[in-house]
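For reference, the structure discussed in these notes is given below.
The values are calculated or read from the model by the stated rules, or taken from the named source; none is laboratory data. All of these numbers come straight from a predicted model, not from anything done at the bench. Note that we place each Cβ from the backbone using ideal geometry, even for glycine, and neighbour counts take in every protein chain shown. Heavy atoms of the whole protein, side chains included, go into the accessibility calculation; ligands, DNA and RNA do not. Shrake-Rupley method; radii C 1.70, N 1.55, O 1.52, S 1.80 Å.
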Amino acid sequence: MRGAAAALATRASDHTEQVFSFKAPLLNRLLDNSEDPERREVVLDLGRASQSLLDRLIAARPCRVEVADLATDGGLSSITEIDSNEADDRSADRDLDRIRGLLPEPSDEQLNLILCWDLPNYLTLSALSLLIDSLSNRIAPGCHLHMLIGYSKREMAAQPGRYIPGTDGNLSQILPSDELAQAPRYSPEHLGSALGNFGYERGVLLANGMQEFIYAWPDDEPSAERSF
Amino acid sequence: MFERNSKDGDAARAGGRQADSLGSSQGSGASGGRRSGSGQAVIGRSIQINGDVKGDEDLMIEGDVSGTVELKNSALTIGKEGKVKADIHARSISVDGTTDGDLFASESIAIRATAVVRGNLIAPRISLEDGASFKGSVEMDQKAVEKAIGTGSSASSSTSDALAAKPNANNKPAAAQPSAAGAAR
C-alpha cells in the first residue's frame, strides 16, 4: 500500500484516514464502456456507495445499482474467517445464509457487473466461494467481476478501503488507517478456484502493487444451469 | 394538514399532543409539532408516530416515524435526529437522519453525509454525499422510475399508483403486488 502511490497520500487532520490515487484501467473500461449503451444493466457494488460511481455507471448505460456496503457495520468481519474445510454442511448453510443476509435483497434481474474492490483480500477463499455461491442464481451470461488484489507486496491495509472513481480516470482509495496486515496474495489460479464458473479474462499490475483482475462468466451459460 | 391513520391505537405520543395537530401548531417549543422558519411543518424530536403520515405540505421529520409517509406533491426532509421506518413517497426527499424503507420521489432524493439509509431509492435524480451509509439499490433508469413512481415521474401521480407499480424486491414492476416494504433490508 505504499510504493509510488504513497507520494499521493494525505493525512486528515483529525484522524489517520489516508487517501491514495492510482489508475485502474480495467475498471475504467468496465465503467465507461457498455457493449450496448441502450441495454439496461444491473451492477452489484460490494463496497460503499459513491456518487462518482453512480454518475459513471449511469452515464454509460441505463442501470440499477445495488449497494451491499459489506465492509461496514461488521458485515465483512462476520464472514472473514469462514473456512469450509473446517465446517460441516450445517455450518456451511449457516454461513451462506449469513452472507445472503449481508447483500441487498435479490431481484429477478440478473447481474451484469460485480464490483468487489479490495474485499476478496479480506476473505478466505472459502468465504469468497460462498459469496459467489450466494449470487449464483443472479449471474447473467457474460457478467464481469472486478477486483483489486494485493499481490506483489507482503502487506496490505489492515482494513478494506473505500474506492471512488474519478472522472479523470484515477481511482481514489481511502483507507481508514495506516495499519497494515499480511496480504494473502491470491494468484489468479487461487481466485479462479473460488469463483465458480467465472473465468480469468484480464489482469493488470497497478502502480501501487495491486493486481487488477477481471473475471467473466461464460456468455452461453445461464446461471441457473450452473452448479458448484 | 396531516392525517393520522393509526395502526395500533398508539399513533402519536407528543407529551399529550396528537399527531393531528402537527403542522398547525406554530412555535410550540423545541420538540413538538410546529412549523419551521421556512414554513414547513415539523415533527419534532420527542414525537413518535406509529402509522401513516399523509399531507400536502412540506415536512421536516426530527422524531420517530414508523409506517408509511405519503407527501405526494411535497418535499420531505428527515433531519439528523429523524428516524423513519417506512416507505416514503414524496416529490423530493432529503435525508440527514436514518431511514429503513423504500424511498420514492417523483423529482429527487438527496442522501446527506450524516444519513444512514437502508432500502431502495427510486427517483429521476439521486445524490449521495460521501460519508453516507447506504445499503440497498439505486434506481434512476427513466423507464423503471416512471413505472415505479407513476406517470412520467409526475409529481401529481397518485400514491396508490405508485404503490401498485412499485418494484418488488426483484425490481420488476408488480401490478397488484402487495407493498414490498423493506425490500432491500
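Before moving on, here are some points about what is shown:
- Applying 1/(1 + (r/R0)^6) with r as the Cβ-Cβ distance of A:T80 and B:N73 and R0 = 35 angstrom yields a FRET efficiency of 0.15.
- Counting charges near A:R202 (Lys, Arg +1; Asp, Glu -1) among other residues having Cβ under 11 Å from its Cβ returns a value of -1.
- Amide H contacts for A:C143 (H built 1.01 Å from N in the peptide plane; partners 5 or more residues away or on another chain; cut-off under 5 Å): A:W217.
- Over segment A:100-227, Cα pairs under 8 Å with separation of 6+ residues give a relative contact order of 30 percent.
- For B:K80, solvent-accessible area (1.4 Å; no DNA, RNA or ligand), Å²: 140
- Remark on segment A:110-228: Rg and Dmax equal 14.5, 44 Å (Cα only).
- Segment A:166-217: C-alpha gyration tensor shape, a/c 1.5 cut-off, then a/b vs b/c: oblate
- Normalised contact order of segment A:35-163, rounded percent, pairs of Cα under 8 Å and 6 or more residues apart: 29
- Legend: P(r) of chain A from all alpha carbon pair distances, 5 Å bins from 0, whole percents, reading 1, 7, 14, 19, 21, 18, 11, 6, 2, 0, 0.
- Taking the DSSP bridge list for chain A and keeping only pairs wholly inside it, about 70 percent are antiparallel.
- Interface of A with B. Using a 1.4 Å probe and counting protein heavy atoms only, the two chains hide about 2000 Å² of accessible surface, both sides summed.
- Counting all C-alpha pairs of segment B:32-155, share separated by more than 25 Å (%): 15
- Inter-label distance, A:S91 to A:E189: 2.9 nm, where each label sits 7 Å from its Cα along the C-beta direction.
- The 3J(HN,Hα) values that the Karplus relation (6.51, -1.76, 1.60; θ = phi - 60°) gives for segment B:53-64 are, in residue order, 10, 10, x, 10, 9, 5, 9, 10, 10, 10, x, 10 Hz. Gly and Pro appear as x.
- With the convex hull of its Cα atoms as the shape, segment A:35-142 has an orientation-averaged projected area of 7.2 nm².
- Theoretical ellipticity at 222 nm over chain A - DSSP helices of four or more residues, -39500 (n - 2.57) apiece, nearest 500: -6500 deg cm²/dmol
- Entries in B:K54/B:K83; B:K85/B:K147; B:K80/B:K135; B:K54/B:K143; B:K83/B:K147; B:K80/B:K147 that, when Cα-Cα distance is taken, lie over 22 Å: B:K85/B:K147; B:K54/B:K143; B:K83/B:K147; B:K80/B:K147
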